[in-house]
Structures are given as structure tokens and as C-alpha cells.
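What follows is a single structure, written as C-alpha cells, with notes after it.
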Amino acid sequence: MSSDDLEALALLHDPVRRSLYAAVTTAGGDVGRGEAAQAAGVSRTLAGHHLDKLVEAGLLESGFRQQEKKGPGSGRPAKVYRRARGERSVSVPPRDYVTLASVLAEVVDVLGAEEQAERAARAAGAKIAGRHPGERAESVLERRGYEPYVEGGVVRLRNCPFHALSVEQPLLVCSMNLALCQGLLEGLGDDPGRAELDPRPGECCVSLKQIGVDIEGD
């Protein structure tokens with residue numbers, strides 16, 4: 001844990017900043033000051049102040065939305081905000097699970113133990129399900145940081161909780177993530193076939209078919 005991480009996350013203790021951060025991150029793309037202000041129920045000026053503080057802390061990134069009209073009279077480009085690509089974490093006392101997980105992923109790769117890893121991941125998903133009897137899979141995934149949302153009859157997962165590892169070992173981590181989600185679904189009495197690999201830039205590699213929705217091609 002670094003002091004920068006602690007200071008950055010401390011900013012989210014403020015309810016206005018927390019609401020603005022949520023408004024930006026749940027949108028899944030660029031969000032203007034006015035949009036964030038409306039979602040958080042505050043003025044545009046106040047929203048701009050707090051959003052810029054979140055940018056300074058590295059929790060958000062900012063840019064400018066391209067204008068359709070260019071040249072004289074087009075006005076200033078609108079400032080927009082999006083989730084920062086970096087990660088922040090706090091552990092007291094400091095812990096480093098990511099390094100060990102990275103080493104274990106390397107061992108799996110060297111030994112060619114991908115199938116065993118997938119079986120273990122599926123069992124882990126079933127174990128998680130056992131702690132949430134009667135809950136919907138989407139609710140459990142939400143609690144575990146996947147940030148599910150519905151688009152076109154598909155439940156997509158905006159955040160990958162294993163992002164740091166997936167950059168190093170994408171094939172292994174994505175296959176294990178899929179197995180974990182399938183095990184979770186099965187453990188909840190749901191259809192494990194709902195989960196499938198469906199990678200999108202900046203999102204989790206797994207998506208779920210919505211219950212009761214026919215997906216074209218099935």
C-alpha cells in the first residue's frame with residue numbers, strides 16, 4: 001500500500017465525489033460534466049470541481065469530446081471523464097497477492113496444467129455460490145466487482161477483477177474466469193451454459209446470456 005493509494009481512495013469518502021465517480025464508471029465510456037452532475041444531483045460547477053480532483057488523484061481520466069461542428073463559432077470542446085486505467089488498492093498491513101498469483105499462473109503455464117486449473121476455478125465458483133444461496137448470479141457477480149450490465153439481451157461485465165493477471169496470461173486467466181463463472185452458475189442452480197467467452201476491449205472476457213432471451217445463432 002502506498003500513501004498515494006490511501007490518499008486517492010480517501011477522496012471517495014466524500015459522498016458527492018463517490019456519487020460522481022460511480023456516475024462515470026458505470027457509464028462505460030466518456031461522461032460530460034453535465035451528465036455526471038445530473039446523475040449525482042449536484043450543480044455542474046460543483047461536479048466539475050470534484051471530477052477534476054478525482055482526475056488529479058488518478059481515479060479518473062479526462063479528455064475532450066470531439067465536436068461535430070468545427071471552425072469559428074463552434075465553441076470550446078466539452079470536457080469528458082472516464083475510469084482511469086490504473087488500479088488502486090489498500091491493505092493494512094500491506095499484502096501482495098498479485099505477485100504470488102502471477103507466479104502461480106506461470107507455474108500452470110510451464111506445467112501445461114490448464115485443464116486442472118479450469119477444474120479448480122469451476123470448483124471455486126461453486127464454493128462462492130454456496131455462500132450466496134438463492135441469489136441471482138448477476139447479484140453475486142456485482143458483489144465481486146464484475147459490474148454487470150445488460151446490453152442487447154446479454155449480461156456484460158464491465159470490470160475484470162483479474163485484470164492485472166489477464167494482461168500477463170490472457171488465455172489462461174480468461175479460461176479460468178469462464179470456468180469460475182460457470183461453476184458459480186451451476187452452484188446457484190442456474191445454467192452454466194449461460195456463461196461464454198465474449199471479449200471486448202476494456203471489459204471482462206466473459207458475458208452471460210440473459211434468462212428467457214433467445215440469442216441469435218443459438
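A few notes on this one:
- Kirkwood Rh and Cα Rg combined as Rg/Rh, segment 107-218: 0.96
- Tail weight of P(r) past 13 Å, computed on alpha-carbon pairs of segment 74-134, percent: 79 percent
- Protection proxy ranking of 172-184, 54-66 - average other beta-carbon atoms within 10 Å, highest first: 172-184, 54-66
- Of the solvent-accessible surface of the chain, computed with a 1.4 Å probe over protein heavy atoms with every protein chain present, carbon and sulfur atoms account for 53 percent.
- Rounded Å value of the spacing that divides the Cα centres of segment 34-67 and segment 163-213: 32 Å
- Burial order of peptide ranges 122-133, 13-24 (average beta-carbon count within 10 Å, highest first): 13-24, 122-133
- Working note: Karplus 6.51/-1.76/1.60 with θ = phi - 60° gives segment 199-209 the couplings x, 9, x, x, 10, 5, 7, 10, 9, 10, 5 Hz, where Gly and Pro are set to x.
- Heavy-atom accessible area per residue - the chain, 1.4 Å, Å²: 60 Å²
- The chain, relative contact order in percent, only Cα pairs under 8 angstrom and at least six apart counted: 17 percent
The values are calculated or read from the model by the stated rules, or taken from the named source; none is laboratory data. Just so it is clear, the model here is predicted, and its values are computed rather than measured. Neighbour counts are summed over all protein chains in view; Cβ atoms, including those assigned to glycine, are modelled from backbone coordinates with ideal geometry. The protein model used for the area step is the full one, side chains on, heavy atoms only, and it has no ligands, DNA or RNA in it. Shrake-Rupley method; radii C 1.70, N 1.55, O 1.52, S 1.80 Å.
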